[in-house]
2 protein chains.
Amino acid sequence: MLFSDITLLNDHYEIIPHAFVATEGDTIAYVGTERPEGDFGREYDGKGRLLMSGFINAHAHSPMTLMRGYGENLKLQSWLNDRIFPFEAQLDSNAVYWGTMLSMAESLQYGIVSTSDMYYFCEDIARAVADSGAKANISRSLTNFTGQEPQTMESFKEMKVLYENYHNAENGRIKIDMSLHGEYTSDPRTAKALAEYAAEIGDTIMHIHVSETASEHEECIQRHGMSPAAYLESMGLFDVPALAAHCVYSTEDDIEIFRRKGVTVATNPVSNMKLASGICDVSRILEKGVNVAIGTDSVASNNSLDFFEEMKVLAIGNKVAKLQPEIMTPLQIIKAATEGGAKAQGRADCGRLAAGAKADLIAIDIASPNMHPVHDMINNLVYSCGGRAVTLTMVDGKVLYENGEFTTIDIEKTIYEAEKATEGILKKL
Amino acid sequence: MLFSDITLLNDHYEIIPHAFVATEGDTIAYVGTERPEGDFGREYDGKGRLLMSGFINAHAHSPMTLMRGYGENLKLQSWLNDRIFPFEAQLDSNAVYWGTMLSMAESLQYGIVSTSDMYYFCEDIARAVADSGAKANISRSLTNFTGQEPQTMESFKEMKVLYENYHNAENGRIKIDMSLHGEYTSDPRTAKALAEYAAEIGDTIMHIHVSETASEHEECIQRHGMSPAAYLESMGLFDVPALAAHCVYSTEDDIEIFRRKGVTVATNPVSNMKLASGICDVSRILEKGVNVAIGTDSVASNNSLDFFEEMKVLAIGNKVAKLQPEIMTPLQIIKAATEGGAKAQGRADCGRLAAGAKADLIAIDIASPNMHPVHDMINNLVYSCGGRAVTLTMVDGKVLYENGEFTTIDIEKTIYEAEKATEGILKKL
């Protein structure tokens, strides 16, 4: 496919007008300002469009799409205990499959090409991701409230089977990460057993909730005499590449641990604000040289997967939290949304619009009034654009979404099945 | 025109499926669940659409659209002194007209039907609003840094002429408000002279910046021994219906003044966060019985007019600022965005989807994946929708925007002229 005469945001974060980008199979074959030679299956007219690397959602719980707007305006404990946990207790394979499929549709609509997903029923998640054509790093998160021998837990076994069956499946579109749900939902034996298994397999990412709320952070210090970051490091969980979600209450010492161990921080600005958890000090984390990626968290607490909204809220939330309008540049944010996310997922060939990288591309409408005038296109992308400006989403060289239509997802059936599964669960409650 | 078999959000904030809404001239003639009798010029198929009252943007500076993304990541004083003020010094009628027209196009695209605008070159703003078909309450804001006799100021004269020529123009689409820019940019004589003039004409709104930043609030107390709200009340500026923009640092006593005097608070959540001014305690202001409306402030500090984004950021910003996830309900927000704004503009016949009210309506795509499942449609509207989901915007019974097309605005010419005017100004700097 040839994107012709299009404005592009290249891998040096430069805006190049009147550019050409050719894809071949799953790869970007050419990027330049001259029309390349050759026959192309399709030529895409780039007038009024910007082409950039697709977004990588570094922290999500996709099946929770079924709980969009379910249980609003509640205190956190009431939201969890009276709404989320009872609903989740009724989930089954069918509900998870269609919830994930709906989430993939929304993701593709908003230009998200790959998602780091932490949940359970992971084979169903993997099936939906496979069918959708999108990419995901899927993790079966471990909890242990009972002191059970970790290796005997069903979840631990599921995790191993998942890794064996799905890691690098679908031409590498699907990867299997490891996950400890968090310090506060498990015990040291589980943490250590998981760290040992991850070290043994080597080729994986460790995805963990870290210091999302003040109480989680403080109670860890009371229990273990150290912060969640320090505890998780001491358990060996950061000895493989790790992805720490939230980090709202992470201290300077914690950030130093992330830096030293090469841990990526996945910030979830909308969810953290909506649940009133707090605002992660992302500018400080970046300043210390830690890789930052952006996540939406679940739709149950967001309630959207609009990645443009996520980027803007990340910027303005950080500015107001420190009363410093000069912090968090649009460039830092675009990097976190693409390159930072690819690093978080261990996908060296993704997150960049460059020849040789995977063709995970999105086209954006820059002809609309909200994108003018153009003092700085990157400013406009972060602050003025909005998710529905995405006109095309391509993953591994295949167009999966274009102008409201999906090529791999039967959207009417997906909505019907997701609604039906939701109603079925609600009836049981 | 007949909207047929559509989901609607009525003036009791109930969701009514399979409804019919008919407009006649500039008015809503029928709302119900039975198809009304009669011939209709056009029937709109409501499948997958929700119809609601259009948004009212209660605080804006429309021509500043030309400064979208101009001067990012700067401290407030540097942003104003090095970017905004020098650019504004070069504005002329042509630039203001096209900047406003671009702003009206963006507004209509995002479902904003009426705007409370505070700026200068107001006849050019009025011409653009008139040509666009949108509604606006326009105010020529007064400043006085030199101690000049207020009645002799050009701005004061312009304000009077503006009122005489444009108040209730275009079948009432255009109204002229009064405006003191703020306490900190004027002197007591100007404030009093304006209050006297407003009292004399009676039929108007007083639009003022109030306690936007901590320094503005504190310095007023140092200068006058009272807060901006108390000072403005003492000058008589709240003796006509008033609209206080921002109120980020307003105290309990200030809120009591707003309540007693019937002042509307226009909150501007995105701009206040992006400029790192702070977060207005809207839930407290609502609790005290004060009318609240929502504004975008200027695109120079926002940098968008996406009203869905504004609503969501209002909610999540308030939640995180008080660490209370249960405050600011979607219902409160939708009310502020419509009914609250109409009250702020003194438009008793607007802001409600009911027979007899003005036909200022928007249709929204609720078929897309991001709007499913539907546990609560109002939650989905506030948290999951996004501005580009607006498929149709009607003002006074006329369709002004539909599926990316404008009926009154030549969008290509508008973008061209706005870009040209911007370039012309930049060249002079």
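The values are calculated or read from the model by the stated rules, or taken from the named source; none is laboratory data. Every value quoted in this text rests on a predicted model; they were computed, and no experiment measured them. All Cβ positions, glycine included, derive from the backbone under ideal geometry; neighbour counts span all protein chains shown. The protein model used for the area step is the full one, side chains on, heavy atoms only, and it has no ligands, DNA or RNA in it. Shrake-Rupley method; radii C 1.70, N 1.55, O 1.52, S 1.80 Å.
Quick check on A:Leu392: is it closer than 20 Å to A:Asn57 by Cβ, surrounded by fewer than 23 Cβ atoms within 10 Å (Cβ to Cβ) and aliphatic (A, V, I, L, M)? Here the answer is yes, as A:Leu392 does meet what is asked. Scan segment B:60-91 for residues that are part of a loop (DSSP other than H, G, I, E, B) and more than 25 Å from A:His372 (Cβ to Cβ) and the total you get is 1. Of A:Phe121, A:Phe40, A:Phe20, all but one fail to be without any contact (Cβ under 8 Å) to a residue 24 or more places away in the chain and aromatic (Phe, Trp, Tyr); the exception is A:Phe20. For first residues located in segment A:390-404 and at pLDDT 95 or above, partners that are of a type in the set (Lys, Arg) and lie 6+ apart or on another chain with Cβ distances below 7 Å form the pairs A:Thr391/A:Arg49; A:Val395/A:Lys135; A:Asp396/A:Arg173; A:Asp396/A:Lys358. If only residues of segment B:271-321 that are charged (D, E, K, R) and part of a loop (DSSP other than H, G, I, E, B) are counted, the one that is nearest to A:Asn380 (Cα to Cα) is B:Asp306. The residues on offer are A:Gly397, A:Gly386, and the sole one that is open to solvent by 10 Å² or more (accessible area, probe 1.4 Å), within 28 Å of A:Lys47 (Cα to Cα) and under 19 Å from the mean Cα position of the chain (by Cα) is A:Gly386. Checking each residue in segment B:157-166 for being buried (at least 17 other Cβ atoms within 10 Å of the Cβ) and free of Cβ contacts under 8 Å to residues at least 40 places away in the same chain picks out only B:Met159. Tallying residues that are of a type outside the set (A, V, I, L, M) and surrounded by fewer than 20 Cβ atoms within 10 Å (Cβ to Cβ) within segment A:170-229 yields 21.
What about A:Asn57, is it part of a loop (DSSP other than H, G, I, E, B), out of contact with any Pro (no Cβ under 6 Å at 6 or more places or on another chain) and either on the phi < 0 side of the Ramachandran plot or within 14 Å of another protein chain (Cβ to nearest Cβ) (or both)? Judged against the criteria, A:Asn57 is not a match.
Yes/no matrix, rows are residues, columns are (1) of a type outside the set (A, V, I, L, M, F, W, C); (2) under 28 Å from B:Ile327 (Cα atoms); (3) without any contact (Cβ under 8 Å) to a residue 12 or more places away in the chain:
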residue: A:Pro269; (1), (2), (3): yes, yes, no
residue: A:Ser283; (1), (2), (3): yes, yes, no
residue: A:Lys288; (1), (2), (3): yes, no, no
residue: A:Val292; (1), (2), (3): no, no, no
residue: A:Ser298; (1), (2), (3): yes, yes, no
residue: A:Val313; (1), (2), (3): no, yes, no
residue: A:Asn318; (1), (2), (3): yes, yes, no
residue: A:Ala321; (1), (2), (3): no, yes, no
residue: A:Leu331; (1), (2), (3): no, no, no
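Scanning segment A:20-61 for residues that are of a type in the set (Ser, Thr, Tyr) and closer than 18 Å to A:Tyr401 by Cα returns A:Thr23, A:Thr27, A:Tyr44, A:Ser53. For residues in segment A:112-146 being open to solvent by 40 Å² or more (accessible area, probe 1.4 Å) and not acidic (Asp, Glu), which is nearest to A:Tyr197 (Cα to Cα)? Here the answer is A:Thr143. For segment A:77-95, taking the residues that are among the hydrophobic types (A, V, I, L, M, F, W, C) and crowded, with 18+ Cβ neighbours inside 10 Å, the one that is nearest to the other protein chains (Cβ to nearest Cβ) is identified as A:Trp79. Note on segment A:250-274: residues that are under 23 Å from A:Asp177 (Cβ atoms), within 14 Å of chain B (Cβ to nearest Cβ) and open to solvent by 10 Å² or more (accessible area, probe 1.4 Å) total 1. Among the residues of segment A:96-141 satisfying the criterion of being among the β-branched types (Val, Ile, Thr) and outside any strand (DSSP E or B), which is nearest to the other protein chains (Cβ to nearest Cβ)? So the residue we want is A:Thr100. Note on segment B:275-289: residues that are open to solvent by 10 Å² or more (accessible area, probe 1.4 Å) and away from chain A (no Cβ under 12 Å) total 6.
Kindly evaluate B:Ser93 against the criterion of being among the hydroxyl-bearing types (Ser, Thr, Tyr), out of contact with any Gly (no Cβ under 6 Å at 6 or more places or on another chain) and closer than 23 Å to A:Val382 by Cα. For B:Ser93, the condition - among the hydroxyl-bearing types (Ser, Thr, Tyr), out of contact with any Gly (no Cβ under 6 Å at 6 or more places or on another chain) and closer than 23 Å to A:Val382 by Cα - is not met.
You will find that of A:Asp254, A:Asp239, the residue that is in contact (Cβ under 8 Å) with a residue 12 or more places away in the chain, over 25 Å from B:Gly317 (Cβ atoms) and in a loop (DSSP other than H, G, I, E, B) is A:Asp239 and no other. Among the residues of segment A:64-76, the ones that are under 23 Å from the mean Cα position of the chain (by Cα), hydrophobic (A, V, I, L, M, F, W, C) and within 10 Å of another protein chain (Cβ to nearest Cβ) come to 3 in all. Only residues that are of a type outside the set (Lys, Arg) and within 19 Å of B:Gln345 (Cβ to Cβ) were counted across segment B:139-164, and they come to 5.
Looking only at segment B:382-429, filter to residues that are charged (D, E, K, R) and assigned to a loop (DSSP other than H, G, I, E, B); which one of those is nearest to the other protein chains (Cβ to nearest Cβ)? The extreme case among them is B:Asp410.
Here is the figure for segment A:402-428: residues that are within 13 Å of A:Thr65 (Cβ to Cβ) and charged (D, E, K, R) total 2.
So, of the residues in segment A:330-374 that are part of a loop (DSSP other than H, G, I, E, B) and within 14 Å of chain B (Cβ to nearest Cβ), which turns out to be surrounded by the most Cβ atoms within 10 Å (Cβ to Cβ)? Per the criteria, the residue is A:His372. The set of residues in segment B:400-414 that are open to solvent by 20 Å² or more (accessible area, probe 1.4 Å) and not hydroxyl-bearing (Ser, Thr, Tyr) comprises B:Glu402, B:Asn403, B:Gly404, B:Glu405, B:Phe406, B:Asp410, B:Ile411, B:Glu412, B:Lys413. Of the residues making up segment B:306-329, those that are in contact with a helix residue (DSSP H, G or I) (Cβ under 7 Å, 6 or more places away or on another chain), hydrophobic (A, V, I, L, M, F, W, C) and more than 7 Å from every other protein chain (Cβ to nearest Cβ) are B:Phe307, B:Phe308, B:Met311, B:Leu314, B:Ala315, B:Ile327, B:Met328. Entry remark, segment B:8-31: residues being under 24 Å from the mean Cα position of the chain (by Cα), under 16 Å from B:Gly356 (Cα atoms) and open to solvent by 30 Å² or more (accessible area, probe 1.4 Å) number 4 in total.
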